[in-house]
1. Taking only the stretch 81-99 into account, find how many residues are outside any loop (DSSP other than H, G, I, E, B) and either of a type in the set (S, T, N, Q) or in contact with a Ser or Thr (Cβ under 8 Å, 6 or more places away or on another chain) (or both).
2. Looking only at strands (runs of 3 or more DSSP E) that fall completely inside the stretch 1-57, which ones have 1 or more residues that are in contact with an Asp or Glu (Cβ under 6 Å, 6 or more places away or on another chain)?
3. Considering only the stretch 96-109, I want to know if a residue exists there that is surrounded by fewer than 15 Cβ atoms within 10 Å (Cβ to Cβ), of a type in the set (D, E, K, R) and either more than 13 Å from residue 27 (Cβ to Cβ) or touching a strand residue (DSSP E or B) at 6+ places or on another chain (Cβ under 8 Å) (or both).
4. Look through the stretch 126-139, keep the residues that are in a loop (DSSP other than H, G, I, E, B) and in contact (Cβ under 8 Å) with a residue 24 or more places away in the chain, and return whichever of them is surrounded by the fewest Cβ atoms within 10 Å (Cβ to Cβ).
5. Among 118, 88, which is more than 12 Å from the chain's Cα centre (by Cα), charged (D, E, K, R) and open to solvent by 20 Å² or more (accessible area, probe 1.4 Å)?
6. Tell me, please, whether a residue that is aliphatic (A, V, I, L, M) and in contact (Cβ under 8 Å) with a residue 60 or more places away in the chain can be found in the stretch 160-169.
7. Mind checking which residues of the stretch 16-34 are surrounded by fewer than 15 Cβ atoms within 10 Å (Cβ to Cβ) and under 21 Å from residue 60 (Cα atoms)?
Amino acid sequence: GYLWMAANGAPQLRPRKPTDIEKGGRIEKLDLKTGKHVKNYTTPNGGGLHGLLWAQESLWVTQFGPNKILQTDTDLNIHHEFDVPLNRAHGLGWDGQYLWCMFSNDFRVLRFDIKSGRVIEAIQLDSSDPDPHGMTWWNGSLYYCDAGIAPGHQDNKSKHAGAICRIHV
């Protein structure tokens with residue numbers, strides 16, 4: 001019954017709202033029927049995040065520093081977590097059995113066993129592919145986008161900015 005959204009830091013391109021936080025990451029809980037703000041949660045470590053997913057009656061969260069994937073309830077109480085071997089986790093997908101996570105700096109997608117955190121499979125993108133930023137699973141494929149804002153690049157200067165890519169699995 002809720003829509004979950006992730007945000008990093010205070011707004012820069014719009015006026016400040018009472019529901020904004022000053023710095024660090026936050027997860028917003030919105031009423032699915034009305035779209036109204038219900039509650040803000042700071043990220044478990046107070047840092048940034050780039051992946052949220054509702055699966056297995058849990059909210060799954062990517063966490064930076066330490067790099068982990070967390071399984072939480074709807075009040076962000078952590079029930080399970082596991083370390084991830086790469087940095088800058090960007091997007092999560094659920095295939096019905098395993099959790100997929102995109103690691104943007106490495107152009108790599110990893111499929112994890114959610115109980116052990118063991119990597120089951122890896123998909124390596126080429127450095128000439130659109131820059132991965134966000135990812136999800138839908139109908140047997142992974143989808144990601146190139147937001148044009150990768151570290152070390154000028155915003156929206158990627159030749160693939162705005163592209164949505166499908167990886168058949």
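1. To start, the set of residues in the stretch 81-99 that are outside any loop (DSSP other than H, G, I, E, B) comprises 81-83, 89-94, 99.
Pick out the ones that are also either of a type in the set (S, T, N, Q) or in contact with a Ser or Thr (Cβ under 8 Å, 6 or more places away or on another chain) (or both) and you get 82, 89-93.
The qualifying residues number 6.
2. 2-8, 37-42
3. No, because not a single residue in the stretch 96-109 is surrounded by fewer than 15 Cβ atoms within 10 Å (Cβ to Cβ), of a type in the set (D, E, K, R) and either more than 13 Å from residue 27 (Cβ to Cβ) or touching a strand residue (DSSP E or B) at 6+ places or on another chain (Cβ under 8 Å) (or both).
4. Filtering the stretch 126-139 for residues that are in a loop (DSSP other than H, G, I, E, B) and in contact (Cβ under 8 Å) with a residue 24 or more places away in the chain, the one surrounded by the fewest Cβ atoms within 10 Å (Cβ to Cβ) comes out as 129.
5. On inspection, the qualifying residue turns out to be 118.
6. Step one: list which residues in the stretch 160-169 are aliphatic (A, V, I, L, M), which gives 161, 163-164, 167, 169.
Those left that are additionally in contact (Cβ under 8 Å) with a residue 60 or more places away in the chain: 169.
Yes, the conditions are met somewhere in the stretch 160-169.
7. Initially, the stretch 16-34 is screened for residues surrounded by fewer than 15 Cβ atoms within 10 Å (Cβ to Cβ), giving 16-19, 22-23, 31-34.
Passing the criteria: 31, 32.
The values are calculated or read from the model by the stated rules, or taken from the named source; none is laboratory data. The model shown is predicted, which means the values in this text are computed figures rather than measured ones. Virtual Cβ from ideal backbone geometry, glycine too; neighbours counted across all protein chains shown. Protein only, heavy atoms only, side chains kept; ligands, DNA and RNA dropped before computing areas. Shrake-Rupley method; radii C 1.70, N 1.55, O 1.52, S 1.80 Å.
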